[in-house]
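Participant: Shown below is the structure under consideration.
The values are calculated or read from the model by the stated rules, or taken from the named source; none is laboratory data. Source: prediction; values computed, not measured. We place every Cβ from the backbone using ideal geometry, glycine too, and count neighbours over all the protein chains shown.
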Amino acid sequence: MLTPHAFAILLLIKAAQNQNGLRHSDYGRYHRYCARRMLRIRKKLGHTQHRRINKKSIYTPKPITSDLALTNVKFLHILIFKCEADWAYAMQMKQVANNLQSKAQHPNQIQALTGNRSNPNRLRMHYLKRFKAAAKTAKWVVDNCANAFDEQSRFELEAYVDFIEAVYLMEYHKFD
């Protein structure tokens, strides 16, 4: 039996947020950081999701199972940063949708941020899906990897999951 991992989840998340854009509400920068961090960790662990075949890179999904999470704490970091990346991307789209509704920015800047998406309602549907994905991943970590943490880390993880689910439910206007 492997010993449970002890690491400060909330400290890890808050440090990453403060150092990578959230001090200035730059959710796009933080999303890019989380995506790069996940890729760096996957490369270090040799768990990348692509293969080279005839000079082409083929995507082959490699999910992180609870067995992998028990063996190395870095697999748990990948899952945590996956939740953070989904949350940050949803917050970025929410900001853009709010700016579109208020028409506060210049139209060329809006086009650069949203691509072809200029309908705030479609952006809302997209960022709701991202919030849902973040909540689903966080819930999966608690359900399947709770025994990988010590007691203090488990409490922090449950608090983080409650926060992510609260954001998701508030966006759906489910205030209960």
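Participant: If I ask for residues that are without any contact (Cβ under 8 Å) to a residue 40 or more places away in the chain and crowded, with 16+ Cβ neighbours inside 10 Å, which ones from segment 27-46 would you list?
Facilitator: Answer for segment 27-46, where residues must be without any contact (Cβ under 8 Å) to a residue 40 or more places away in the chain and crowded, with 16+ Cβ neighbours inside 10 Å: Arg32, Tyr33, Arg42, Leu45.
Participant: If a residue must be part of a helix (DSSP H, G or I), out of contact with any Asp or Glu (no Cβ under 7 Å at 6 or more places or on another chain) and either of a type outside the set (A, V, I, L, M, F, W, C) or under 13 Å from Cys83 (Cα atoms) (or both), how many such residues does segment 140-154 contain?
Facilitator: The qualifying residues number 9.
Participant: Just to be sure before I move on: is Asn116 among the polar types (S, T, N, Q), at pLDDT 85 or above and within 29 Å of Tyr172 (Cα to Cα) in the structure I sent?
Facilitator: Here the answer is no, as Asn116 does not meet what is asked.
Participant: Okay, next question. Considering each residue of segment 155-174, count those that are assigned to a helix (DSSP H, G or I), in contact (Cβ under 8 Å) with a residue 24 or more places away in the chain and not β-branched (Val, Ile, Thr), and give that number.
Facilitator: 7
Participant: Continuing with the same structure: List, please: which pairs have Cβ atoms under 7 Å, are six or more places apart or on different chains, and start with a residue in segment 61-88 that is over 25 Å from Asn20 (Cβ atoms) and end with one that is surrounded by 15 or more Cβ atoms within 10 Å (Cβ to Cβ) and of a type in the set (S, T, N, Q)?
Facilitator: Ser66/Asn144
Participant: Out of all the residues in segment 130-140, which are closer than 24 Å to Thr65 by Cβ and either at pLDDT below 90 or not aliphatic (A, V, I, L, M) (or both)?
Facilitator: Answer for segment 130-140, where residues must be closer than 24 Å to Thr65 by Cβ and either at pLDDT below 90 or not aliphatic (A, V, I, L, M) (or both): Arg130, Lys132, Lys136, Thr137, Lys139, Trp140.
So that you can scan it fast, the table gives a plain yes or no per residue for (1) part of a helix (DSSP H, G or I); (2) modelled with pLDDT of 90 or more:
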site	(1), (2)
Ala16	yes, yes
His31	yes, yes
Arg36	yes, yes
His47	no, no
Arg51	no, no
Asp67	yes, no
Leu70	yes, no
Ile80	yes, yes
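Participant: Would it be correct to say that Phe155 is modelled with pLDDT of 90 or more and over 18 Å from His31 (Cα atoms)?
Facilitator: Spelling it out, Phe155 is indeed modelled with pLDDT of 90 or more and over 18 Å from His31 (Cα atoms).
Participant: Sticking with this structure for a sec: Only one of (1) in contact with a His (Cβ under 7 Å, 6 or more places away or on another chain); (2) of a type in the set (Lys, Arg); (3) assigned to a helix (DSSP H, G or I) is not met by Lys62, so which one is it?
Facilitator: (3)
Participant: Given the conditions (1) out of contact with any Lys or Arg (no Cβ under 9 Å at 6 or more places or on another chain); (2) more than 19 Å from Ala134 (Cβ to Cβ), which single one is not true for Ile80?
Facilitator: Result: Ile80 passes all but (2).
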